[in-house]
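Chemist: One structure is given below, represented as structure tokens, and several questions about it will come after.
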Amino acid sequence: MLKGLQEKKNRIVELALVSGNHFVELFTTLVITKLISVYLTKEEYGFYALILSVFTLVSILPFTSLHTAIERYVIEYKSNQTFEKKFSSLISIHFVFFVSYLLILLFVSPYISNDWHNILFLLVVFIIIRIYKTLIICIWNVERKRKIMLLVRLADMLIQVSIIGYFIYRHSLTVDIVLIASITGNTISLLVFIFSYSKLITYQNDIFIIFSSVFSDILKYSLPLIIWGVFIWAQNMMGRWYLDIFLAKSDVANFSVMTSLALIPGATIVALIGQFFAPIAYSKENDNPGYISLMNKKIFIFSILFWLLVIIITCFLKDFLIQIFLDKKYLNVSWSLPVLMIGTAIYSIGQVLIYEIYYYKKPNLLLVSNVLPGIFALVVGFFIIKKYGFAGAVYSNVMSNLISGLITFYTVSRFTRTQKMKLIKK
């Protein structure tokens, strides 16, 4: 009984720390978005939004996929007691892809426009540091090191806000400064990680054999995710580039801030469930098959109720929310916020239900739900945005999210039924 009470207490403390982590992450995003939406012009913000889309493309191809695989295999390596031996290889995989990107950049840099050429060095450092921060958070999350994650995120927030605040005070905030602030804040994670894991970062005689084994594990798991990565990017980012082609960077800014604001509730829920539920669920499923599908039913009901509340509030308070979190110069597109929320709701509900598929190493089942929305945004979105401009970008985004969410939900439901039948036969 005492053991059960202690376990319940530990779970509550862990949930509080996870919630604290995401409150800090959310607060940081909101504060920085507020500051730069007020003190950068729409044209500057539009350029910054395109920079973020480049970062997102590089992240998706292939690092986000690698992180999903690493999260799964850290648990497996720990269970078979090979984690320490394979740790150096796990954190070295990224170098292979970074070197590939830098080689590509050498060939394409002469053809890059002056606007992009001027921030090229900062952009490269920004991308590398942020991707490594994501890897670090991924490993800490699997190991459930919630306290250190919280402290690092607090330090990151204070540094970024302080740098941006200082240059706002000096009336000299630019996109370059925003990038520098992010690089400086995110570097804290890297330094703390190196210090805390320094004993595991070692060179072994059979390092190349170990690296090949780990690389093979991670790549095999990641491959379907990497293949559809470009389509995920297209689903979420092509609207920005089409608006830049057909309209102006001010329209890119309008679309980016609205989609970012609409994404915050969904991203928060997906991250909370991913960082708190996924590690526990993977462990429980191993001992108690069917645990994840049982929890998915509760998560689904909670998600429906949560999104109904969020959408209703947004419909009535959209102008107020924009003035609080962004700036009054974006009020002319406030109508789009509750519309975008509908698509985001369906998409995020699908995303919080996929962990059973990931646990059983069947990510290929999610191929259609990730590829089809991207094709829609890439092809159909082009014509919709060309004809209807900003409104077309909004409706293209909503429709692609609906396609993704509905297909994901169908795929998860079908997989759960299949797993249930297997358990019954046993």
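The values are calculated or read from the model by the stated rules, or taken from the named source; none is laboratory data. Keep in mind that what you see is a predicted model, and the values were worked out from it rather than measured. Don't worry about glycine lacking a Cβ; one is built from the backbone with ideal geometry, like all the others, and counts go over all protein chains shown.
Chemist: Restricting to the stretch 208-238, give me the number of residues that are among the aliphatic types (A, V, I, L, M) and more than 17 Å from Thr68 (Cα to Cα).
Modeler: Qualifying residue count for the region: 5.
Chemist: Moving on. Kindly indicate whether Val74 is in a helix (DSSP H, G or I) and free of Cβ contacts under 8 Å to residues at least 24 places away in the same chain.
Modeler: Here the answer is no, as Val74 does not meet what is asked.
Chemist: Okay, next question. Since Thr33 meets every condition but one in (1) in contact with a helix residue (DSSP H, G or I) (Cβ under 6 Å, 6 or more places away or on another chain); (2) modelled with pLDDT of 85 or more, which condition does it not meet?
Modeler: It fails just one condition, (1).
Chemist: Of all helices (runs of 4 or more DSSP H) completely enclosed by the stretch 324-426, which ones contain at least 2 residues that are buried (at least 17 other Cβ atoms within 10 Å of the Cβ) and modelled with pLDDT under 90?
Modeler: 336-351, 355-359, 367-375, 390-425
Chemist: In addition: Looking at Ser222, Ser216, Ser212, can you tell me which residue is of a type outside the set (Phe, Trp, Tyr), in contact with a Ser or Thr (Cβ under 8 Å, 6 or more places away or on another chain) and under 17 Å from Ser89 (Cα atoms)? Walk me through how you get there before you give the answer.
Modeler: Values: Ser216 fails: in contact with a Ser or Thr (Cβ under 8 Å, 6 or more places away or on another chain); Ser212 fails: in contact with a Ser or Thr (Cβ under 8 Å, 6 or more places away or on another chain).
Testing whether each residue is of a type outside the set (Phe, Trp, Tyr), in contact with a Ser or Thr (Cβ under 8 Å, 6 or more places away or on another chain) and under 17 Å from Ser89 (Cα atoms) leaves just Ser222.
Chemist: Could you list, in sequence order, all residues of the stretch 90-105 that are among the aliphatic types (A, V, I, L, M) and without any contact (Cβ under 8 Å) to a residue 12 or more places away in the chain?
Modeler: Within the stretch 90-105, the first condition is being among the aliphatic types (A, V, I, L, M), and the residues that meet it are 90-91, 93, 96, 99, 102-105.
Selection gives Val99, Leu103, Ile104.
Chemist: Can you find, within the stretch 83-111, the residue that is surrounded by the most Cβ atoms within 10 Å (Cβ to Cβ) among those that are among the aromatic types (Phe, Trp, Tyr) and over 13 Å from Leu135 (Cβ atoms)?
Modeler: Residue satisfying both the conditions and the ranking: Phe83.
Chemist: A further question follows. Only one of Val270, Val230, Val192, Val257 is of a type in the set (Val, Ile, Thr), farther than 16 Å from Asn401 by Cβ and crowded, with 18+ Cβ neighbours inside 10 Å; which?
Modeler: The match here is Val257.
Conditions (1) among the β-branched types (Val, Ile, Thr); (2) farther than 30 Å from Tyr73 by Cβ, marked per residue:
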{"site": "Phe325", "(1), (2)": "no, yes"}
{"site": "Ile342", "(1), (2)": "yes, yes"}
{"site": "Tyr355", "(1), (2)": "no, no"}
{"site": "Val371", "(1), (2)": "yes, no"}
{"site": "Gly374", "(1), (2)": "no, no"}
{"site": "Ala393", "(1), (2)": "no, yes"}
{"site": "Leu406", "(1), (2)": "no, yes"}
{"site": "Val412", "(1), (2)": "yes, no"}
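Chemist: Here are Ile245, Ile183, Ile218, Ile188: which of them is modelled with pLDDT of 85 or more and either farther than 29 Å from Tyr73 by Cα or not in a helix (DSSP H, G or I) (or both)? Working first, answer last.
Modeler: On the way: Ile183 fails: either farther than 29 Å from Tyr73 by Cα or not in a helix (DSSP H, G or I) (or both); Ile218 fails: either farther than 29 Å from Tyr73 by Cα or not in a helix (DSSP H, G or I) (or both); Ile188 fails: either farther than 29 Å from Tyr73 by Cα or not in a helix (DSSP H, G or I) (or both).
Step by step, each of Ile245, Ile183, Ile218, Ile188 is checked, and only Ile245 is modelled with pLDDT of 85 or more and either farther than 29 Å from Tyr73 by Cα or not in a helix (DSSP H, G or I) (or both).
Chemist: On to the next question. For Pro62, work out the one condition from (1) within 15 Å of the chain's Cα centre (by Cα); (2) surrounded by fewer than 20 Cβ atoms within 10 Å (Cβ to Cβ) it doesn't fulfil.
Modeler: Only one criterion in (1) within 15 Å of the chain's Cα centre (by Cα); (2) surrounded by fewer than 20 Cβ atoms within 10 Å (Cβ to Cβ) is unmet by Pro62, namely (2).
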